[in-house]
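This report concerns only the one structure given below.
The values are calculated or read from the model by the stated rules, or taken from the named source; none is laboratory data. Keep in mind the model is a prediction, meaning the values are calculated, not measured. Neighbour counts run over all protein chains shown; Cβ positions are idealised from the backbone, glycine included.
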Amino acid sequence: MSIASTLSNTAPANAPRIAVIGAGLAGLSAAWLLKQKYQVTLFESHGTPGMGVYTSDYHSNGLHSRVDIPLRIFTKGYYPELFSLYKYLGVEMESSDHSAVYQYQNTHKEKRPKAFFQYHNQTLFNKNIRLPNKNTLTPKGLRLTLSHFQFFKQIESDSQDTMALSNMTFGEYVNQQNFNKHYIDEMLLPALSVTCTCDYQDILNYPCDLIVEYLACGVMNEGIVRAKLGVDDIVPRLTQGYRVRCFEQVQSIEEKTNESPSIRVTSKNSQTQEVSIQEFDYVIIATQANVAHDILSKNTLTSQAKLLANIPVQSSSMILHTDSSQVYHAKKASPVSYIIDKTQKRPSTSVDLTKAFSSYQHQAPIYQTWNPIKPPKESHVLSRAHFTRPLVTLQSRQSVAQLMELNKRSSIKICGSYMVNKIPLLDAAVASSINIAKQMGCTIPWEENTDKPLEPLNNAELAY
Ligand SMILES: Cc1cc2nc3c(=O)[nH]c(=O)nc-3n(C[C@H](O)[C@H](O)[C@H](O)COP(=O)(O)OP(=O)(O)OC[C@H]3O[C@@H](n4cnc5c(N)ncnc54)[C@H](O)[C@@H]3O)c2cc1C
């Protein structure tokens, strides 16, 4: 693989030293941008830069492929910074089919979940339209289709004035409107709870403007894409020109006033158990919010730590497996299968990779399932990954606004997908690192009128 030599202007040896803690996309992109003016060391607790920790090998039909967990899909409208970064790096992107089937959890008599709505995407006048499949052309299916169009019409109109929505929760908004309850409970909330990897109630607690902005910016009528070669392609491009220390779990940081360099970073190597202390002029904490809180609270409880305590997180697991019983019909099911069980707080959701992405189409069916109601057969499980994800509430957003203010004047800066006023997705992770890079005097190559080409640097084909 040829790696584009992007942003090669690495800082001189006497440049200020900066530690970036955490190699998710926020930490990786922050380190990559900051290397222009700083000597950067990136700390990651896992054995590989975090974004690629759970990537797995898949062998079937005589073919081998790599599967990212999670899949990390995105759309152009909601991900301007991610798109610009990937485009600048020359990351190849491919479109995906994320049409879905919604099913009820089966009763004891039936073996498989029962589909109540299934749609496919059709492109009409350059727009992606959802059309119901024949099997769910029932009165209920038609009512849900109509409700979907009515809902989006309303959302588009309300998105014109998101200020008016910024003090209410999405739940309050939904209650005020006359939307079809089945559509909201059985289709919209399941889809949003997958997007945000959280419970239905957490979606209802989200600030309304964030959800409306997300839904109104084209997610329904633009195709969904992903980086075709996944994190294996992205991480090497973002780890050029600075020092990466894997297996290095940062335990605490301590700020020394009147000393230079002024911040002491204590980390422990999980292989050798060796504890090391290094000194830096600046530290960017790009771990999950709860970890950032713990790192900052080891010595004295700083104002940043107090604010970080207000950011709620949700945990969940993703399973990569080949058990087709997670979907109602291995052949007929759409690429994405939601199973709704009214006793559950989240849907069970499976993506059949061989249907969603052309890269896997010649392999035997393989699924990523989030929150399985019935666990896949153990003999079919290829891997499991456990994640923690931030949530946004009206209160947590106020704490984030204060953290963003503190970032401007502190040598310890907080970075991550939760550190911008958006749903904490990949775009927010990049946007957060851009904010910090700009505060620290670095340029954003795709925003600058530089002599660097903005087109993909290695002739990568944008396949979407
Ligand atoms: C199941 C799931 C599916 C998702 N799917 C999508 C999707 O399809 N599209 C999308 O846009 N977003 C998706 N997201 C959200 C997306 O993954 C996050 O927005 C993004 O990963 C956040 O990046 P980050 O760098 O802020 O944090 P993280 O990715 O959480 O990175 C934090 C890093 O810090 C490291 N770390 C933690 N503690 C320490 C320590 N003490 N010392 C050193 N390193 C440490 C961790 O190992 C990790 O690598 C999904 C999230 C989940 C959980």
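Structure above, values below:
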| read-out | value |
| --- | --- |
| Test: residue in region 297-304 that is aliphatic (A, V, I, L, M) and either surrounded by 15 or more Cβ atoms within 10 Å (Cβ to Cβ) or modelled with pLDDT of 95 or more (or both) | no |
| Matching entry among TYR78, TYR88, TYR119, TYR102 (being within 12 Å of the ligand (Cβ to nearest atom) and within 25 Å of the chain's Cα centre (by Cα)) | TYR78 |
| Contacts under 7 angstrom Cβ, first residue in region 136-150 being of a type in the set (S, T, N, Q), partner in a helix (DSSP H, G or I), 6 or more apart | SER147/TYR183 |
| In region 419-464, residue surrounded by the most Cβ atoms within 10 Å (Cβ to Cβ) [restricted to those that are of a type in the set (Lys, Arg) and at pLDDT 95 or above] | LYS422 |
| Strands (runs of 3 or more DSSP E) contained in region 50-149 and holding at least 3 residues modelled with pLDDT under 90 | 114-124, 127-132 |
| Failed item in (1) buried (at least 18 other Cβ atoms within 10 Å of the Cβ); (2) touching a Lys or Arg at 6+ places or on another chain (Cβ under 7 Å), with THR287 passing the rest | (2) |
| Count of region 5-41 residues which are near the ligand (Cβ under 9 Å from one of its atoms) and either assigned to a loop (DSSP other than H, G, I, E, B) or of a type in the set (A, V, I, L, M, F, W, C) (or both) | 8 |
| Failed item, numbered, when LEU391 is tested on (1) under 25 Å from HIS64 (Cβ atoms); (2) in contact (Cβ under 8 Å) with a residue 60 or more places away in the chain | (1) |
| Single residue of PRO207, PRO190 found to be in contact (Cβ under 8 Å) with a residue 60 or more places away in the chain and more than 16 Å from the ligand (Cβ to nearest atom) | PRO207 |
| Count of region 267-311 residues which are under 22 Å from the mean Cα position of the chain (by Cα), touching a residue at least 24 places away in the same chain (Cβ under 8 Å) and more than 14 Å from the ligand (Cβ to nearest atom) | 1 |
| Criterion: assigned by TED's automatic domain parsing to the domain that holds ALA31 and in a loop (DSSP other than H, G, I, E, B) - qualifying residue of ILE423, ILE434 | ILE423 |
| Matching residues, region 316-341, being touching a residue at least 12 places away in the same chain (Cβ under 8 Å), out of contact with any helix residue (DSSP H, G or I) (no Cβ under 6 Å at 6 or more places or on another chain) and more than 14 Å from PRO372 (Cα to Cα) | HIS329, LYS332, ALA333, SER334 |
| Selection within region 328-363 - over 20 Å from VAL225 (Cα atoms), among the β-branched types (Val, Ile, Thr) and surrounded by 15 or more Cβ atoms within 10 Å (Cβ to Cβ) | ILE339, ILE340 |
